[in-house]
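**Student:** Take this structure first; my questions come after.
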Amino acid sequence: MSPTGLRCAHLVNPLAVAPDRVQLSWLPGGRQDGYQVQVFHNERWFPAPETLHWDTGLVGSVYSADIPYDGPALARGGRYTWRVRIRDSTGSISDWSDPATFEVELDPIGGWQGSWIGLDGVRANVTPPTGAGPADPVATALSPAPYLRRAFTVDKPVVSGRLYVTALGLYEARLNGRRIGDACLTPGWTDYNQRVLYQAYDVTELLRVGENVLGAILADGWYAGFVGFDAKRAGAHYGTAPELLAQLAITFADGDEQRVVTDQHWQAAAAAIRHADLLMGSRTDLRLEPQGWDSPGFLVTDGWRPVRCRGRSASVLLVADPGPPIRVTEETRPAGISRLAGGGWIVDFGQNLPGWVRLRADGPDGTVVRVRHGEVLDADGGLYTENLRTARQTDEYVLPGGPAVLEPRFTQHGFRYAEITGYPGDLDPADVVALVVHSDIPVAGSFDCSDSWLDQLFRIIDWGQRGNFISVPTDCPQRDERMGWLGDAQIFARTACYNRDVAAFFAKWLDDVADAQLESGAFTDVAPRLTLRGPGAPAWGDAGVIVPWTMWKMYGDTGLVRRHFGAMTRWMDFIERANPDYLRSRELGNSYNDWLMPGADDTPHELLATAYWAYDAALMAEMASAIGRTDDAAGYRALRAKIASGFTDTFVAPDGRILSGTQTAYALGLFMDLVPAELRAAAASHLVTAIRAADWHLTTGFVGVGYLLPVLSSCGYSDVAWRLLTQRSFPSWRYMADHGATTIWERWDGWTPGDGFQSPLMNSFNHYALGSVGEWLYRYVLGIDQEDGSAGFARLLLRPHPGGSLSWARGSYRSVRGVIRAGWSVAGNRFTFQVEVPPNVTASVSVPSGNAAEVRDAAGNAPALVASFPGEPGVQEAVFHVGAGVHEFSGPAMTASGHFP
Ligand code: BGC
């Protein structure tokens with residue numbers, strides 16, 4: 001068996017990767033005791049020895065993920081082919097894997113030859129950020145999308161064509177009448193003043209001998225359009241008009257090269273797209289589409305003028321996009337269509353989703369069709385848009401006469417319902433479809449159980465992730481905000497990893513987090529940094545440490561830890577400088593505390609802040625030792641001890657009560673290990689008392705919610721965790737679902753029977769943060785977890801916590817080492833647990849039981865260990881130590897009901 005699943009920098013055969021991001025991964029397929037990687041620099045002669053660039057030789061190692069490239073320098077723009085083989089424990093060597101490739105990014109400054117080009121005057125009437133605007137600042141801030149073209153001749157057959165392209169704004173690149181690639185909203189969002197991402201495409205097949213035309217359409221995007229809630233800026237956060245930068249590198253059979261770059265030889269025109277904005281929507285006048293503009297033979301008319309050129313600044317890095325592309329990932333047909341009294345239709349897609357609507361229409365020349373998008377309907381069945389604040393989410397089309405396909409570009413909406421007006425004739429359901437658009441991140445996890453409500457919760461959480469992972473992890477995809485909030489991201493990060501393979505996505509965003517870091521060392525509230533310019537609040541800024549740690553924990557990726565260690569250290573120093581007494585009470589930024597908790601904000605702000613600081617220090621110590629910085633690790637352990645004792649002295653009473661008595665205070669104190677060991681049990685029982693006092697409801701906001709169920713389970717109160725998870729009345733997850741949620745709401749009380757919708761000033765129905773409970777489904781319900789100190793699922797801890805009304809649950813997680821499966825069932829008085837452990841991984845399997853000594857594996861073997869189940873009085877666990885393969889265990893259930901007492 002030879003290795004499969006070869007990836008470089010978490011991507012399959014990337015066409016541009018930074019040399020310091022070249023890390024190689026594969027799935028060994030069987031037991032790996034050693035590996036050999038070979039990298040060749042000439043694909044044509046692969047695997048000729050003369051082209052061998054790097055050979056690791058046989059390395060004794062079980063690692064198969066994120067092996068850093070450590071050979072001779074890689075050529076900028078170079079193409080490399082690599083392969084790997086493994087040695088198993090018997091010493092036999094596998095066949096070589098199929099080859100994989102990677103290409104190296106251009107030099108971020110010197111590798112580019114062209115200039116930024118754009119259409120002059122296109123945004124002449126933009127509202128100046130601080131100036132007095134006319135009546136509708138939105139309308140005047142919108143401008144037509146420039147179309148740009150360049151004809152060029154190719155004299156001889158091409159062996160390879162690469163297009164490197166980016167925009168300040170958004171681009172869609174075209175060659176000889178065809179769209180290049182299938183990514184949308186490229187190049188993605190970064191702080192364009194510091195770093196601009198570009199994409200690389202293989203365009204060999206699109207080039208031809210003779211005349212060729214390279215084209216692009218540009219739009220404002222995050223660069224020059226609306227994003228966030230700072231209405232004063234009326235768009236234009238980074239610049240006022242979009243610009244293109246492209247470099248087409250053509251290689252011929254004889255080794256000659258030809259380059260086509262963005263320069264004064266291009267022409268531009270405004271055309272069919274009258275405006276296109278991420279928040280506001282778009283207007284397309286299909287009569288103005290210049291047919292054939294991006295193909296050879298097009299007759300250039302008067303509207304086309306020479307482009308405006310601007311030199312590149314040496315201080316802005318042009319870097320290959322390390323993340324996954326945004327794509328259309330699914331098409332959703334209407335679940336229902338209803339007619340509006342005043343004319344028009346409401347289309348229900350049955351799912352709150354990110355993306356847009358595509359229609360087919362046939363009507364007279366000049367007919368205007370309008371599509372508005374919203375998440376919910378009002379009491380009269382009309383589209384409810386108040387909660388979008390100033391975002392308009394409206395696409396308009398002027399029909400050309402005759403059949404037409406209506407689909408917006410360069411915009412994105414968060415919606416379940418679309419209101420369509422002006423549509424000619426009857427709306428046939430077959431003529432309308434919603435396109436789901438987000439960062440195309442592969443699925444990693446699955447979950448299935450005997451209670452349909454939990455399956456529903458699982459889906460809602462994943463849809464919230466899809467709805468918001470769009471170049472950056474946004475808070476919400478619909479209103480005038482859509483920013484990369486750090487607090488939301490850190491609390492959800494582990495759930496995000498279990499659901500989908502976010503390694504590349506977060507690798508990209510962590511550069512945004514680093515770019516946003518302030519001079520003082522403070523991480524910020526949002527990244528890319530926009531509008532909010534101060535230090536990040538506790539639990540928000542701390543994401544700068546927690547997210548890299550989560551990536552290391554889940555993927556075993558130490559490259560990311562090394563890359564950000566300096567930035568993380570500066571953040572730790574920033575907090576310590578401000579708080580020499582080891583209580584974090586200063587430099588709390590906007591201190592959102594336990595944001596959007598139901599009821600009063602009673603958790604002391606410095607309690608939450610200090611708990612997070614201690615947590616940061618603990619994670620820093622773990623990361624430091626993972627990368628061999630033992631002195632730093634010791635330093636952070638010592639720091640943590642000081643903060644922890646400050647925390648205990650200030651907030652923990654001798655009877656285990658934690659100041660304020662909020663559920664969040666207990667969840668933080670216990671999760672972050674700030675309660676002395678002898679008081680843990682008492683503190684946990686106070687937490688349960690607080691939950692009982694709330695009549696078995698949670699009272700946690702964005703922050704506390706992430707730790708509540710894990711803490712309950714680890715302290716022996718899984719029954720209480722289950723009770724919260726299945727609670728139907730407000731506030732609870734199930735309350736949302738019972739009231740129509742198809743994605744996680746921003747607020748527990750987004751809608752209540754008494755008050756209807758919460759204040760439209762802040763009421764999103766697609767905010768993933770409260771979905772951080774997803775982690776509990778994987779780690780506790782299924783029991784797919786790791787031993788302490790393990791990273792990248794090297795040492796599994798498979799310990800399910802059956803409960804609720806479940807008679808079975810099963811699921812999987814595709815780890816960097818292969819697929820892990822776990823499934824359990826209770827039938828009669830027997831509990832059965834089946835697991836699959838990938839190669840090169842060991843697992844400690846814990847089977848909960850009322851009589852653990854009687855639990856057996858499929859071969860009839862007794863457990864290696866019988867112990868009391870952590871924290872659960874009266875319950876035992878039978879522990880087995882297993883290696884790769886499928887294993888089944890069965891024994892007496894832990895109670896008559898099969899659940900925790
Ligand atoms: C965002 C949140 C964010 C919060 C900070 C809100 O406007 O939507 O998701 O974390 O502000 O308190």
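**Student:** Given a 1.4 angstrom probe, what's the average accessible area per residue across the chain, in square angstrom? Don't skip to the answer; put the middle values down first.
**Tutor:** Numbers: 31090 Å² over 901 residues.
With the other protein chains kept in place, the chain gives 35 Å² per residue.
**Student:** Using alpha carbons only, how many degrees (0 to 90, rounded to 10) separate the axis of helix 543-555 from the longest principal axis of the chain?
**Tutor:** Relative to the chain, helix 543-555 is tipped by roughly 80 degrees.
**Student:** Next question. Roughly how compact is region 674-788, stated as its Cα Rg over 2.2 N^0.38 Å to two decimals?
**Tutor:** On the way: Rg = 15.2 Å, N = 115, 2.2 N^0.38 = 13.4 Å.
Compactness ratio reported: 1.14.
**Student:** Can you pull the percent of Cα pairs in region 726-878 with separation above 27 Å?
**Tutor:** Numbers: 4527 of 11628 pairs.
Percentage above 27 Å: 39.
**Student:** Ranked from highest to lowest mean number of other Cβ atoms within 10 Å per residue, what is the order of the peptides 825-832, 245-252? Can you show the working numbers first?
**Tutor:** Values: 825-832: 16.1, 245-252: 20.9.
Packing order, densest peptide first, comes out as 245-252, 825-832.
**Student:** How much accessible area does Ser815 have with a 1.4 Å probe, in Å² rounded to the nearest 10?
**Tutor:** Here the accessible area works out near 10 Å².
**Student:** Ordered by packing density, taken as the mean number of other Cβ atoms within 10 Å over each peptide's residues, highest first, how do 421-429, 185-193 rank? It would help to have the intermediate numbers written out before the result.
**Tutor:** On the way: 421-429: 13.9, 185-193: 23.3.
Taking the mean over residues of other Cβ atoms within 10 Å, the ranking is 185-193, 421-429.
**Student:** What is the calculated FRET efficiency for Ala867 to Ala634, with r their C-beta to C-beta distance and R₀ = 30 Å, to the nearest 0.05? Write down the numbers at each step before the final one.
**Tutor:** Working: r = 32 Å, r/R0 = 1.06.
Calculated value: 0.40.
**Student:** For Ile326, what residues show an amide H to amide H distance below 5 Å, using hydrogens built from the backbone and excluding near sequence neighbours?
**Tutor:** Amide H to amide H, under 5 Å and 5 or more residues apart or across chains, Ile326 pairs with Cys184, Asp440.
**Student:** Can you give me the relative contact order of region 776-901 as a percent, contacts being Cα pairs under 8 Å and 6 or more apart?
**Tutor:** Working: 335 pairs, mean separation 30.5, N = 126.
About 24 percent, as a whole number.
**Student:** So, one more: All other residues with a Cβ under 12 Å from the Cβ of Arg310 taken together, and with Lys, Arg as +1 and Asp, Glu as -1, what is their net charge?
**Tutor:** Numbers: positive: Arg308, Arg312; negative: Asp120, Glu243, Asp263.
Local net charge: -1.
**Student:** Now a separate question. In debye, nearest 20: dipole of region 134-249 around its Cα centre with unit charges on the Cβ of K, R (+) and D, E (-)? Don't jump to the answer; show the numbers that get you there.
**Tutor:** On the way: 11 positive and 11 negative charges, 45 e Å.
With Lys and Arg at +1 and Asp and Glu at -1, about 220 debye.
**Student:** By a straight-distance test (C-alpha under 14 Å), which aspartates and glutamates pair with Lys642 as possible cross-link partners, with residues fewer than eight away in the same chain excluded?
**Tutor:** Glu576, Asp581, Asp616, Asp673
**Student:** Okay, next question. Could you tell me whether region 457-612 comes out rounded, prolate or oblate from its Cα gyration tensor? Rule is a ≥ b ≥ c as square roots of the eigenvalues, rounded for a/c under 1.5, then prolate if a/b exceeds b/c, otherwise oblate. All intermediate terms of the calculation are to be shown ahead of the outcome.
**Tutor:** Values: a/c = 1.61, a/b = 1.21, b/c = 1.33.
Taking the square roots of the gyration eigenvalues as a ≥ b ≥ c, region 457-612 is oblate.
**Student:** Would you please give the FRET efficiency between Gln834 and Ala677, computed as 1/(1 + (r/R0)^6) with r the Cβ-Cβ distance and R0 = 51 Å, to the nearest 0.05? Can you show the working numbers first?
**Tutor:** Details: r = 35 Å, r/R0 = 0.68.
After rounding to 0.05, the efficiency reads 0.90.
**Student:** Next question. Name the residue farthest towards the positive end of the dipole of the chain from the options Pro14, His237, Leu532, assuming +1 on Cβ of Lys and Arg, -1 on Cβ of Asp and Glu, about the Cα centre.
**Tutor:** Selected residue: Pro14.
**Student:** Right, another one. Relative to the longest principal axis of the chain, what angle (0 to 90°, nearest 10) does the C-alpha long axis of helix 503-516 take?
**Tutor:** 80 degrees
**Student:** In addition: Under 4 °C and 1.567 mPa s, how fast does the chain diffuse according to Stokes-Einstein, given a Kirkwood radius computed over C-alpha pairs? Answer in µm²/s, whole number. Display every interim value, and only then the final one.
**Tutor:** Working: Rh = 29.2 Å.
After rounding, the answer is 44 µm²/s.
**Student:** Could you go through region 345-351 in sequence order and give the Karplus-derived ³J(HN,Hα) for each residue, using 6.51 cos²θ - 1.76 cosθ + 1.60 with θ = phi - 60°, rounded to whole Hz, and x for Gly and Pro?
**Tutor:** My calculation for region 345-351 gives 10, 10, 9, 9, 8, x, 8 Hz in order.
**Student:** Something else now. Would you mind computing, in nm to one decimal, how far apart the modelled labels at Glu386 and Asp365 are, each placed 7 Å from Cα along Cα→Cβ?
**Tutor:** Output for this residue pair reads 4.4 nm.
**Student:** With every protein chain kept in the model, how would you rank Glu396, Glu330 by accessible area, 1.4 Å probe, largest at the top? Provide the component values of the computation, followed by the final result.
**Tutor:** Numbers: Glu396 30, Glu330 70 Å².
Solvent-accessible surface, decreasing: Glu330, Glu396.
**Student:** For region 188-214 and region 738-763, what is the centre-to-centre distance using only Cα atoms, to the nearest Å?
**Tutor:** Answer, in whole Å: 43.
**Student:** Mind checking which of Thr367, Gly344, Gly381 is farthest towards the positive end of region 325-395's charge dipole, using Cβ charges of +1 (Lys, Arg) and -1 (Asp, Glu) about the Cα centre?
**Tutor:** Most positive-ward Cα: Thr367.
**Student:** Amide H to amide H under 5 Å from Trp751: which residues, 5+ apart in sequence or cross-chain, H placed 1.01 Å off N in plane?
**Tutor:** Gln758
**Student:** Please label the shape of region 398-541 as rounded, prolate or oblate, based on the square roots a ≥ b ≥ c of the eigenvalues of the alpha-carbon gyration tensor (a/c under 1.5 means rounded; beyond that, a/b larger than b/c means prolate, else oblate).
**Tutor:** Details: a/c = 2.66, a/b = 1.49, b/c = 1.79.
Oblate.
**Student:** Another question about this same structure. If each DSSP helix of 4+ residues adds -39,500 (n - 2.57) and the sum is divided by the residues in the chain, what number results at 222 nm, nearest 500 deg cm²/dmol? Mind dumping the intermediate values first?
**Tutor:** Numbers: 14 runs with 183 residues, N = 901.
That calculation yields -6500 deg cm²/dmol at 222 nm.
**Student:** Around Phe765, which amide H atoms from residues at least 5 apart in sequence, or from another chain, sit under 5 Å from its own amide H, with H modelled in the peptide plane?
**Tutor:** The answer is Glu746.
**Student:** Given region 459-499, what whole percent of its Cα pairs are spread farther than 13 Å? Please list the in-between numbers first.
**Tutor:** Numbers: 403 of 820 pairs.
Looking at region 459-499, the distances longer than 13 Å represent 49 percent of pairs.
**Student:** Same structure, new question: For Arg482, Arg312, Arg640, give me the order by solvent-accessible area with a 1.4 Å probe, most accessible first, ignoring ligands, DNA and RNA.
**Tutor:** Listed by decreasing accessible area, they come as Arg312, Arg640, Arg482.
**Student:** Compute the relative contact order of region 310-444 as a whole-number percentage, counting only Cα pairs closer than 8 Å that sit 6 or more residues apart in sequence.
**Tutor:** Working: 283 pairs, mean separation 54.4, N = 135.
Once normalised by length, the contact order is 40 percent.
**Student:** Each residue of region 360-373 in order: what ³J(HN,Hα) in whole Hz does its phi give by Karplus 6.51 cos²θ - 1.76 cosθ + 1.60, θ = phi - 60°, with x for Gly and Pro?
**Tutor:** Per residue, the Karplus-derived 3J(HN,Hα) values read 10, 9, 9, x, x, 3, x, 4, 10, 9, 10, 10, 10, 10 Hz.
**Student:** Test of understanding: express the Cα radius of gyration of region 1-80 as a ratio to 2.2 N^0.38 Å, with N the residue count. Present the calculation step by step, with values, prior to reporting the outcome.
**Tutor:** On the way: Rg = 12.6 Å, N = 80, 2.2 N^0.38 = 11.6 Å.
Normalised Cα radius of gyration, region 1-80: 1.09.
**Student:** How high is the FRET efficiency between Ser313 and Asp378 when r is their beta carbon distance and R₀ equals 51 Å, given to the nearest 0.05?
**Tutor:** Details: r = 48 Å, r/R0 = 0.95.
Between Ser313 and Asp378 the formula returns 0.60.
**Student:** Still on this model: Under unit Cβ charges (Lys, Arg +1; Asp, Glu -1), what dipole magnitude, rounded to 20 debye, does the chain have relative to its Cα centre?
**Tutor:** On the way: 76 positive and 100 negative charges, 127 e Å.
The dipole of the chain has a size of about 620 debye.
**Student:** Evaluate the distance, in nm, between pseudo-label points positioned 7 Å from the Cα of Ser625 and of Ser585 along their respective Cα→Cβ axes.
**Tutor:** Result: 3.3 nm between the two label points.
**Student:** I want to check the label-to-label distance for Ile337 and Ala641. Put each point 7 Å from Cα in the C-beta direction and report it in nm to one decimal.
**Tutor:** 7.1 nm
**Student:** Averaging sequence separations of C-alpha pairs under 8 Å and six or more residues apart, then dividing by the length of the chain, give the relative contact order as a whole percent.
**Tutor:** Numbers: 2264 pairs, mean separation 79.9, N = 901.
Once divided by the residue count of the chain, the mean separation gives 9 percent.
**Student:** Shifting gears a bit: Rank these residues by their accessible area, most exposed first, probe 1.4 Å: Lys156, Lys642. Mind showing how you got there, number by number?
**Tutor:** Values: Lys156 60, Lys642 100 Å².
Ranked list, largest accessible area first: Lys642, Lys156.
**Student:** Then there is this: On the Cα set of region 500-550, report Rg and Dmax in Å, please.
**Tutor:** My reading of the Cα-based Rg and Dmax gives 10.7, 34 Å.
**Student:** Just how large is the dipole of region 219-347 about the Cα centre, in debye to the nearest 20, putting +1 at every Lys and Arg Cβ and -1 at every Asp and Glu Cβ? All intermediate terms of the calculation are to be shown ahead of the outcome.
**Tutor:** Details: 13 positive and 15 negative charges, 132 e Å.
For this selection, approximately 640 debye.
**Student:** A follow-up question, please. Relative to the longest principal axis of the C-alpha atoms of the chain, give the angle of the C-alpha long axis of helix 677-693, reported between 0 and 90° and rounded to the nearest 10°.
**Tutor:** The two axes meet at around 70 degrees.
**Student:** Further, regarding this structure: Ratio to report: Rg/Rh of region 600-737, with Cα atoms as the point set and Rh obtained by the Kirkwood method; give two decimals.
**Tutor:** Details: Rg = 15.9 Å, Rh = 15.6 Å.
The Rg/Rh ratio comes out at 1.02.
**Student:** Which length gain, in nm to one decimal place, applies between Ser520 and Ala858 when the Cα-Cα distance is subtracted from 0.36 nm times their residue separation? Don't jump to the answer; show the numbers that get you there.
**Tutor:** On the way: separation 338, 0.36 × 338 = 121.68 nm, distance 5.89 nm.
Contour length minus the Cα-Cα distance gives 115.8 nm.
**Student:** Further, regarding this structure: From the phi angles alone, apply the Karplus equation (6.51, -1.76, 1.60; θ = phi - 60°) to region 462-477 and give each ³J(HN,Hα) in whole Hz, x where the residue is Gly or Pro.
**Tutor:** 5, 5, x, 5, 4, x, 10, 8, 10, 6, 10, x, 7, 6, 7, x
The values are calculated or read from the model by the stated rules, or taken from the named source; none is laboratory data. Keep in mind that what you see is a predicted model, and the values were worked out from it rather than measured. No Cβ is skipped: glycine too gets one built from the backbone with ideal geometry, and neighbour counts run over all protein chains shown. Remember, those area values only see protein heavy atoms, side chains included, never the ligands or the DNA or RNA. Shrake-Rupley method; radii C 1.70, N 1.55, O 1.52, S 1.80 Å.
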